[in-house]
1. Could you tell me whether Y95 is modelled with pLDDT under 90, under 24 Å from K29 (Cα atoms) and in contact with a His (Cβ under 7 Å, 6 or more places away or on another chain)?
2. Please list, ordered by first then second residue, the pairs with beta carbon atoms under 9 Å, 6 or more apart or interchain, first in region 99-123 and touching a residue at least 60 places away in the same chain (Cβ under 8 Å) and farther than 17 Å from F84 by Cα, second in a helix (DSSP H, G or I) and of a type in the set (F, W, Y).
3. Could you tell me which residue of region 19-41 is nearest to the chain's Cα centre (by Cα), considering only residues that are charged (D, E, K, R) and part of a helix (DSSP H, G or I)?
4. Given the conditions (1) assigned to a strand (DSSP E or B); (2) hydroxyl-bearing (S, T, Y); (3) surrounded by 15 or more Cβ atoms within 10 Å (Cβ to Cβ); (4) at pLDDT below 95, report the number of the one that Y72 does not fulfil.
5. Considering only region 79-141, give the strands (runs of 3 or more DSSP E) lying wholly within it that have at least 3 residues that are crowded, with 16+ Cβ neighbours inside 10 Å and under 13 Å from the mean Cα position of the chain (by Cα).
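The values are calculated or read from the model by the stated rules, or taken from the named source; none is laboratory data. This one's a predicted model, so the numbers in the text were calculated from it and none came from an experiment. Glycine also receives a Cβ, built like all others from the backbone with ideal geometry; neighbour counts cover every protein chain displayed.
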Amino acid sequence: MSTEIDRVKLRRWRKRGFYSEAALVKLLKKKGYSAVRVPASNPSLNPLPDVIARKGKHTYAFEVKNATYYAYFPKIQIDKLFRFLDEFIPTNNDYKHPVVAAHLGKRWLFKEITWTDWKKDKIPEKVRILKRDRGNLNIDKSYQEETPEPQT
């Protein structure tokens with residue numbers, strides 16, 4: 001009996017995550033990004049984010065959590081974002097953005113983690129986002145498409 005209840009709880013928990021990932025993809029597309037949910041993202045050690053997005057030259061790897069008041073992102077999941085961007089996106093780190101995203105009811109909060117912190121191993125064991133926090137990444141204004149200089 002208890003294993004069946006555990007399975008139901010696990011299914012419900014996974015559906016929440018799937019819903020938030022799909023909602024983020026929809027939001028990003030609405031804001032002009034190309035975005036996809038990575039269906040193989042899971043608790044494995046593979047360096048796969050929950051959502052990948054691009055806008056202009058910039059690539060974003062998102063780890064997504066659905067929560068009510070706060071969300072915790074373990075260091076191992078953040079490390080996977082950096083590993084994915086480092087190993088699979090062949091461009092300068094200025095154009096690669098590891099982001100933790102908390103879906104808190106109707107509100108989204110985004111926090112970009114810096115490459116400097118990752119390289120110096122200064123990422124905390126858990127990154128926390130509280131509902132009252134302000135994120136450091138605004139998907140409306142962040143990294144607008146660079147306008148090419150006119151050729152003469």
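1. Considered against the rule, which asks whether it is modelled with pLDDT under 90, under 24 Å from K29 (Cα atoms) and in contact with a His (Cβ under 7 Å, 6 or more places away or on another chain), Y95 comes out as no.
2. What qualifies is H103/Y19.
3. For region 19-41, the residue satisfying everything is E21.
4. Failed condition: (3).
5. The qualifying strands (runs of 3 or more DSSP E) are 96-104, 107-112.
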